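Heads up: the structure comes next, in structure tokens.
Nothing in this text is a laboratory measurement; each read-out follows from the coordinates by a stated rule. What you see is a predicted model, and the numbers here were worked out from it, not measured in a lab. Please note: Cβ atoms are built from the backbone with ideal geometry, for glycine as well, and neighbour counts cover all protein chains shown.
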Amino acid sequence: MNLKFNKKSGQSIIELLVALGIFVVAVSAAFQVFFGGQKIVIDSRNVNLATDYGWQAVEAVRNIRARNWSELTPGSHGLVFQNGEWLFSSSSVSNSEDIFTRTVEIGVTADENVRIATTTVTWQTDNQIKTFVIVEELTNWEAYTQSSCRAQELTGNWLAPRIIASGSIGSGNTGTDVIVKLPYIYVSSISGTSANPDLFVFEYTTSSPSLVESINIGSGGINQIFLKGNYIYASSPNDNKELVIINVTNPLDITEAGSLNLTGTSDGLGVIAFSNTAAIGRTDSAANELVFINVTNPASPTIISSQATNGDVNDFAATSNDLFLVSEESDEDVWHFNITNPANPTFVSYYDITGTTEDLSIFIHEKNGRTLLVGNEQSEIVSIGATNTAAMYVRDRTTFSGWVNDITCVAGDIAFLATDDDAKELIAINFFDPDNLSEYSSLSLSADALGIDFADNKVFIAIESSNALQIIGPGP
């Protein structure tokens, strides 16, 4: 009996020990699952916080770029927020928040107008250093003339462009042109009454543009605008000042700096500025449709020279040495001037696009040589080989169903057209092969598109409506 009892007792002890072992293992596994899950939650939270911290720096650097390109000095930087704006720290190469350390590295490229901003966020958990990195290419848009393709690449789905915001310039006004220098957008207009403003300033720092300033130049309104430095040069139908120069040093307080009254009553149409010279185009009723003007002193512009083109001069495009304009003279479509000496522009030649074309717009595309994009009233976009300006030639011409009023393009392969086609006032064309242009996408707007510009992966359009400003972005 004692033997049987002791055997059963031994089995019970063994069973108890086994059960206890299983319990310990189960509890240990439960603890591991619980605390392991907690660790995953914490790690995920830290990644999200690091991501937000990194993207905050990206937006800060974009704001610095928009304010002053020269502040993007090469090297490592911390960031500080002072007086309502972001600045690079003058005392540190990084900054910290909780467990996170953030550094912005500004790197140079072969192009002095392109910088690479690398934002790095690091933090430590369980003796491990973890890192989150964002790399962005930044472009000095001001260094590229308004008549040359923007250096920024497109991102997102531009096969399905969509309106993302708009801005009104008030009843009685209709948009004519637009220029962007973020966070500010300048929209010109024509009005039925001289009491209405003619140039409007929108600030665009959030999802919607806010009208922050406007100016009235008097009767006539403004047909076209060109931004150079701290001045906007405006062409006007006003018979007392076909050229108006507006000081936009402070976009919240713009003022008229000066103007010039040209002989006759012909309207001012196209306008451009280079160095200390402006050029203005007029309707063909003028004795000379092209006028070059010394604007060294914006308060007192003076005529340098003038020339007859026998057709409306609607638009200009320029490089550092060459000026091109389009005329509605059907046999002398594209005019070429040498502006190596800006104080003495010299006529070189003109080029005839075959057929009767009344040209409205021109833009320069520099990719594997120079190509001119010309839009006309015959609903065409024409690509012209102009690497050798003495032997220009048509590379391709594509017909749409509306006048091509204005053009902008992006480095790469896409050009955007502002047209009066009722079904597609915005047209994007594929420019990958200048000898074979094709439509890439389009968008219908509520009125004719007259002016167009590009910045920050968005297209800005002035339409012939009081709701003049239309901001277009990529689709989902």
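Need the full-extension length gain, Ser91 to Asn240, defined as separation in residues times 0.36 nm minus the C-alpha distance. One decimal, nm. Numbers along the way, then the final one.
Values: separation 149, 0.36 × 149 = 53.64 nm, distance 5.41 nm.
My answer for the length gained is 48.2 nm.
Could you size up the charge dipole of the range 43-139 around its Cα centre, putting +1 on the beta carbon of Lys and Arg and -1 on that of Asp and Glu, and report it in debye to the nearest 20?
On the way: 7 positive and 13 negative charges, 16 e Å.
Using only the charged Cβ atoms, the result is roughly 80 debye.
Students often forget the sequence filter, so: which aspartates and glutamates lie under 14 Å Cα-Cα from Lys130 once same-chain residues fewer than 8 apart are removed?
Within the straight-line cut-off, Lys130 pairs with Asp43.
Considering only the other residues whose Cβ falls under 13 Å of the Cβ of Ser219, what net charge follows from Lys and Arg at +1 and Asp and Glu at -1?
Numbers: positive: Lys241; negative: Asp198, Asp239, Glu242, Asp267.
Net of charged neighbours comes to -3.
Compute the FRET efficiency between Thr346 and Asn48 as 1/(1 + (r/R0)^6), taking r as their Cβ-Cβ distance and R0 = 56 Å, and round to the nearest 0.05. Please report the intermediate quantities before stating the final value.
Working: r = 61 Å, r/R0 = 1.09.
Computed FRET efficiency for Thr346 and Asn48: 0.35.
Put +1 on the Cβ of every Lys and Arg and -1 on every Asp and Glu Cβ in the chain; which of His336, Thr265, Ile463 then has its Cα farthest towards the positive end of the dipole?
Looking along the dipole axis, the top candidate is Ile463.
Using a basic spin-label model with each label point 7 Å from the Cα along Cα→Cβ, how many nm lie between Asn276 and Ser379?
My value for the distance between the label points is 4.8 nm.
Compare the peptides 50-62, 126-138 by average per-residue count of other Cβ atoms within 10 angstrom and give them in order, highest first. Mind dumping the intermediate values first?
On the way: 50-62: 17.4, 126-138: 12.5.
Final packing ranking: 50-62, 126-138.
Charges at C-beta only: +1 for Lys and Arg, -1 for Asp and Glu. How large is the resulting dipole of the chain about its Cα centre, in Debye rounded to 20?
Details: 23 positive and 55 negative charges, 663 e Å.
About 3180 debye.
Roughly how tilted is helix 2-67, in degrees to the nearest 10 and between 0 and 90, from the longest Cα axis of the chain?
Approximately 20 degrees, to the nearest 10.
Calculate for the chain the 222 nm mean residue ellipticity that helices alone would give, adding -39,500 (n - 2.57) per DSSP H run of length 4 or more and normalising by residue count, nearest 500 deg cm²/dmol. The partial results should precede the final answer.
Details: 1 runs with 66 residues, N = 476.
Roughly -5500 deg cm²/dmol at 222 nm, from the helical runs in the chain.
Please give the contour-minus-distance gain from Ser210 to Asp422: 0.36 nm per residue of separation, less the Cα-Cα distance, rounded to one decimal in nm.
On the way: separation 212, 0.36 × 212 = 76.32 nm, distance 2.75 nm.
Full extension of this stretch gives 73.6 nm more.
Length gain on complete extension for the stretch Asn297 to Thr255, per 0.36 nm per residue less the alpha carbon to alpha carbon distance?
On the way: separation 42, 0.36 × 42 = 15.12 nm, distance 1.50 nm.
So the extension gain works out to 13.6 nm.
State, to one decimal in nm, how far the label point of Ala391 lies from the label point of Gln128, with both points 7 Å from Cα in the Cβ direction.
Spacing of the two 7 Å Cα→Cβ label points: 6.4 nm.
Compute the signed sum of charges (Lys and Arg +1, Asp and Glu -1) over the other residues within less than 12 Å, Cβ to Cβ, of Asn261. Walk me through the intermediate numbers first.
Values: positive: Lys241; negative: Asp239, Glu242.
Spelling it out: positives minus negatives among the neighbours equals -1.
Calculate the spin-label point distance for Val58 paired with Thr356, positioning each point 7 Å from the Cα along the beta-carbon direction, and give it in nanometres.
Calculated label separation equals 5.4 nm.
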